[in-house]
Structure formats: C-alpha cells, structure tokens
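Only one structure is covered here, and it is reproduced in the block below.
Computed from the coordinates by the stated procedures, all read-outs in this text should not be read as laboratory data. Small disclaimer: the values here were computed from a predicted structure and weren't measured. Using ideal geometry, Cβ is built from the backbone for each residue, glycine included, and neighbour counts are taken over all protein chains shown.
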Amino acid sequence: MGLQIDLAAILANHAALAARAPGSRAAAVVKADAYGLGADRVAPALYKAGVRDFFVALAREGRAIRPLLPPDARINILSGHMAGEDLTGLTPVLNSPAQFFRDRVLRPGKPFAIQLDSGMNRLGMEAAEWSAIRAEALAARPEFIMSHLACADEPDHPANAAQLAAFRAMTEGCDVPRSLAATGGILLGPDYHFDMVRPGVGLYGGMPFAEARPVVTLSLRVIQTRAVAAGEMVGYGATWHAARDSCIATVDAGYADGILRALSSSGAQLYAGKTACPIVGRVSMDLITVDVTDLAEVPDRLALICPAQPIDRLADLAGTIGYEVLTSLGLRYARTWV
Ligand SMILES: *Cc1c(COP(=O)(O)O)cnc(C)c1O
C-alpha cells in the first residue's frame, strides 16, 4: 500500500490561495501532522517556497517542527499557553485572560498572539473579557489578533457577516495585524482577508477550495483474489452475497488505516486505472474486499484515493468531510513525497 503526497501540488495550492488574498500574508496551517500528510516534509517545503507563518494546534506539534525550520519561521500554537507547556521558540495564541496572564508572567517579552471569539464560541476571548485586558494586551504588542469563522464554507450563511462585524468591532483602533480567514474565509473575498490568512485544508486538496490541485493518491496492494460463486457471502457479518459468479480481490488496508468503516456498502470504489471496482462487504481492520469481476486483468494495486475518487468524494460516501478523511490516514502506509 502506498500513500503518495504531491508536495508541488501543496505549494501550487498555497500560491493559488495566496493569490486570492493579494494584500495579506499567507500563512500555512500544518496542525495534525499537516492534515495527516507529514508536517516534517510539508512545513519545510512551504518555508522554501516563502511561507514564514505556520499554525499548529498543540505546543508539542510546534516543538516537533521547530528544529526543521529556520529561526525566522513563526510557529503559532492555536491552543495557546497551557499550564506547564514548554513554548521555547513558539508563539502561543492566547485564548483567554487566564492564558494571557499566565503567559505574561512566565514569558515576559516573548512573542504572543491573541484569539478573540467573534461568535463561534469555541476558542478565544469574549468581547467583555477582551475589553478588560485590551489596553494591557496591546501595550505588550501582540504579533497579531485573530478569530475564526464557523460557517465560511457556506458563503451565504449570515454568521459570516455577523462574525466579520464582531471581529471588526473588537479590533477597531488596535494597531496590530489581524487575521480572520482560513481556506473558506479566503474564498469569501477581500472583506475577510485582513493582514494574514490561514489556509489549511485547501493546501491539501480539500473542499471548500474546489479548484485545488489534488495532493494525495492512495493505492492498496492486492493480497489475494478468489472466485466466489453466486450466493456465497463475503466478509464480517455476511452482509454481502454474490449476485453472480464473481472474482473478489482482498487488499491490504482497512479501518485501522483510516479507511472509514462507514465506507462499507457505501458505493465507494477502488480503481484499476479508470475502471471502478466496488467495495463489497464490510471494511475490516486491515483488509477490504473488492469486486473485480469485470476486470480483464487484476492489477497489483487498486487505487482508493485518485482523481476519479478524490478525498471529498470519499468523505461524502462515508458521511464526513475531507478533513476527517485526510487526518484519519493511518501510519502504516508507506508515504512517499513527490
Ligand atoms: C484548522 C484551522 C485553520 C485552517 O482551516 P482550514 O479550513 O483547514 O483552512 C485556520 N484557523 C484555525 C483557528 C483553525 O483551527
């Protein structure tokens, strides 16, 4: 089995998203191991292409990439300053007055940023909390002030404009760079761009960036093929019975590799070139069974993620989103970066 990651496509996607927000610095979000694709490869490649601002969720993720990036790369920690965390060389995005005071006591003079809640109610300071510390926070010169949109993938959702207005109101008169947009926010247009944009999923070929170049191909090795007579069953729970005399291939990955069990009997296919072969029966932990009856010849490998079945198509079939498909990709694959 092999997971191939097209670094050139990631760079092209970054450049394309940066070009949508020409007045802004384009950061790169590389949390969750660059959405499962290998932050140790992706972050240095983006740095070489000129990116200087990186975002991860956890300080531990930041510490992992810090040695791989030159000192002028800024690594921002979205969870902020958690108690006991080593933030050497990192920039915590402080989410609450408690984080702010902890950080200023423990890291005076060191870089920090502020996250405000503009309505999502997930991370960041509420308007009243921000008012209470605003003067002190601004005096300490944050690197930037940010917030995050809840519905940016739905351009017509009224929450977008409401969050934009709330963010503007909370940051009025702050002489500090501002950041609001992730991938979806970039696509909402210039009102949302401010000084820095923070694309993640679009870099990796996922919606809502419909024009993204695909980044991931995943092919699975055929371990075995067998003839299954009409009426025989395949797989756990005997959920599938052959309607005709069939040829079934068993390939070498399963839900332990992030091929979601919800893809069982979902219409998901494996591809032999352009020919689609349906997954039959249940996805097991390490194995998937595929109906290859209509192939003249069974190849060594069948593709699960490919241009004919991109991550968002698989996500639809599994009832989830491209983000979850990517970040579920397991560690057993041989990853190659091209
Ligand atoms: C994950 C995340 C991003 C990137 O979002 P995408 O939708 O993947 O572009 C940006 N900002 C914050 C705060 C995030 O949590």
Quick one: compute the contact order of the chain, relative version, from alpha carbon pairs under 8 angstrom and 6+ residues apart, as a percent.
18 percent
Residues of the stretch 212-239 with the amide nitrogen closer than 20 Å to a label point 7 Å from the Cα of Leu68, along Cα-to-Cβ, please.
215-218
Given H placed 1.01 Å from N in the peptide plane, which residues other than close sequence neighbours of Leu149 have an amide H under 5 Å from its amide H?
Ala182
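Can you compute the charge dipole magnitude of the chain about its Cα centre, using +1 on each Lys and Arg Cβ and -1 on each Asp and Glu Cβ, nothing else charged? Give it in debye, rounded to the nearest 20. If you can, show how the numbers build up before the last one.
Values: 31 positive and 34 negative charges, 160 e Å.
About 780 debye.
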Solvent-free Debye scattering, log10 I(q)/I(0), computed from the Cα coordinates of the stretch 183-338 at q = 0.08, 0.09, 0.17 Å⁻¹:
-0.27, -0.33, -0.96
Aspartates and glutamates whose Cα lies under 14 Å from that of Lys31, excluding same-chain neighbours fewer than 8 positions away
Asp40, Asp53, Glu61, Glu324
Got the relative contact order for the stretch 7-204 handy, in percent, Cα pairs under 8 Å and 6 or more residues apart?
22 percent
Enter the Cα centre distance for the pair the stretch 60-83 and the stretch 122-156, rounded to the nearest angstrom.
20 Å
Please compute the modelled spin-label separation between Thr239 and Arg221, points set 7 Å along Cα→Cβ, answer in nm with one decimal.
2.7 nm
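In deg cm²/dmol and to the nearest 500, what is the mean residue ellipticity at 222 nm of the chain if only DSSP H runs of at least 4 residues count, each as -39500 (n - 2.57), divided by the residue total? Don't jump to the answer; show the numbers that get you there.
Values: 10 runs with 95 residues, N = 338.
Computed ellipticity for the chain at 222 nm equals -8000 deg cm²/dmol.
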Suppose we keep just the DSSP beta bridges with both residues in the chain; what percent of those would be antiparallel, to 5?
55 percent
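Rounded to the nearest angstrom and ordered from largest down, what semi-axes does the equivalent ellipsoid of the stretch 7-204 get from its C-alpha gyration tensor (root of 5λ)? Let's see the in-between values first.
Values: eigenvalues 118, 98, 36 Å².
Value: 24, 22, 13 Å, ordered largest first.
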Compute the separation of the alpha-carbon centres of the stretch 245-265 and the stretch 163-202 and state it in Å as a whole number.
41 Å
Name the residue from Ala182, Val30, Leu69 whose Cα lies farthest towards the positive end of the charge dipole of the stretch 7-204, charges +1 on Cβ of Lys and Arg and -1 on Cβ of Asp and Glu.
Leu69
Spin-label point model (7 Å from Cα, Cβ direction): what's the Leu58 to Ala139 distance in nm?
3.6 nm
Taking only the alpha carbons of the stretch 232-272, the radius of gyration and the largest Cα-Cα distance, Dmax, both in angstrom, are 11.2, 30
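Semi-axes of the equivalent ellipsoid for the chain, please: Cα gyration tensor eigenvalues, times 5, square-rooted, ordered largest first, whole Å.
Numbers: eigenvalues 391, 75, 63 Å².
The answer is 44, 19, 18 Å, longest axis first.
Exposed loop sites here are GluC sites (Glu not before Pro) in DSSP loop states with at most 13 other C-beta atoms within 10 Å. What is the longest stretch of the chain lacking them?
Details: sites that count: Glu172, Glu211, Glu297.
Between exposed loop sites, the widest span is 1-171.
Tell me the trypsin sites (Lys or Arg not before Pro) within the stretch 73-149 that lie in a loop according to DSSP and have at most 15 other beta-carbon atoms within 10 Å. Can you show the working numbers first?
Values: sites: Arg74, Arg102, Arg104, Arg122, Arg134; in loops: Arg122.
Passing both the DSSP loop test and the Cβ count: Arg122.
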